[in-house]
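Just below is one structure, and these are the notes that go with it.
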Amino acid sequence: MTIRILLVDDQALFREGLQTLLSVHDDLQVVGEASNGQEAIKAVRKLVPDVVLMDLRMPVLNGVAATRQISESAPNSRVIVLTTFDDDDYIFDGLRAGAVGYLLKDVPSAKLVEAIRAAAQGESFLQPSVAAKVVAEFSRMTEPRKAVLQQELVEPLSDREMEILGVLATGASNREIANQLYITEGTVKNHVTNILGKLSVRDRTQAALKAKEMGLI
């Protein structure tokens with residue numbers, strides 16, 4: 001399967017470098033580019049990419065607003081934030097807008113390719129430093145608030161689902177979860193599907209965010 005990719009960044013040279021980097025992989029195809037969020041939304045409608053690599057700070061319409069609109073209108077086009085900013089506000093704004101991944105521009109190329117392939121399969125990908133900030137943010141929630149949120153979960157997660165959820169929240173892929181817990185990748189996929197359903201979310205990143213918010217992990 002060829003993964004169709006849209007590049008969104010206001011720096012033409014960076015987009016050109018990304019296209020060159022990705023072109024060496026037979027399963028990756030850059031189908032379009034955009035220099036701001038408004039162009040990105042139009043390009044998604046026209047090109048229907050599998051994955052959108054989205055910068056955050058751009059003219060006309062920023063990446064957070066564009067990510068939110070794309071996530072709502074074209075949920076099958078999965079957005080990965082690729083930016084220079086690792087400030088907490090940027091991270092949480094991007095993820096809450098619907099991004100399934102958050103990477104910094106200094107990420108190794110192999111990790112970027114891994115994140116693109118994961119996103120195309122419905123998985124999420126967070127750099128360890130970003131995942132740590134997510135964990136730290138929600139650990140600051142007060143216990144009474146967590147207790148209230150836990151009651152909002154209609155169907156409780158099983159012990160195995162809780163275990164998988166904890167590893168998933170670190171940004172691990174299905175394969176990494178399977179290796180860590182000594183179960184098959186297919187079993188992990190089934191459990192992740194159940195977790196998404198019970199938490200009433202559409203992707204793994206949102207599952208991790210909601211689980212932390214509810215005090216489940």
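Data for the structure
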| read-out | value |
| --- | --- |
| The chain, accessible area per residue, ligands and nucleic acids excluded (1.4 Å, Å²) | 48 Å² |
| Lysine pairs with alpha-carbon atoms under 16 Å apart, the chain, spacing 8 or more or separate chains | 7 |
| Region 115-125 - phi-based ³J(HN,Hα) in whole Hz, Karplus 6.51/-1.76/1.60, Gly and Pro as x | 5, 5, 5, 5, 4, 5, 9, x, 9, 10, 8 |
| Among ALA99, VAL51, LEU199 the positive-end extreme of the charge dipole of the chain (Cβ point charges) | LEU199 |
| Geometric extent, Cα atoms of the chain - Rg, Dmax (angstrom) | 17.1, 51 |
| Placed amide H near VAL81: partners under 5 Å, 5+ positions off or other chain | MET54, VAL100, GLY101, TYR102, LEU103 |
| Exposure of LEU82 as accessible area (Å², to 10), given a probe of 1.4 Å and all protein chains | 10 Å² |
| Ranking by accessible area, most exposed first, for ILE217, ILE195 with a 1.4 Å probe | ILE217, ILE195 |
| Scattering profile of region 1-65 at q = 0.17, 0.24, 0.25 Å⁻¹ [log10 I(q)/I(0), Debye over alpha-carbon scatterers] | -0.52, -0.98, -1.04 |
| In order through region 64-79: 3J(HN,Hα) via Karplus (6.51 cos²θ - 1.76 cosθ + 1.60), integer Hz, x for Gly, Pro | 5, 5, 5, 4, 4, 5, 5, 4, 7, 9, 9, x, 7, 8, 8, 9 |
| Phi-based couplings in Hz for region 202-216 (Karplus 6.51, -1.76, 1.60; Gly and Pro marked x) | 9, 8, 5, 4, 5, 5, 5, 4, 5, 5, 5, 4, 8, x, 7 |
| Sites HIS25 and ASP106 - FRET efficiency at Förster radius 22 Å, r taken between beta-carbons, to 0.05 | 0.65 |
| Pairwise Cα inverse-distance average, inverted: Kirkwood Rh of region 29-115 (Å) | 12.7 Å |
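The values are calculated or read from the model by the stated rules, or taken from the named source; none is laboratory data. A quick note: this is a predicted structure, and the numbers were derived from the prediction, not measured. Glycine also receives a Cβ, built like all others from the backbone with ideal geometry; neighbour counts cover every protein chain displayed. Quick note on the areas: whole protein, heavy atoms, side chains included, nothing else; ligands and nucleic acids left out. Shrake-Rupley method; radii C 1.70, N 1.55, O 1.52, S 1.80 Å.
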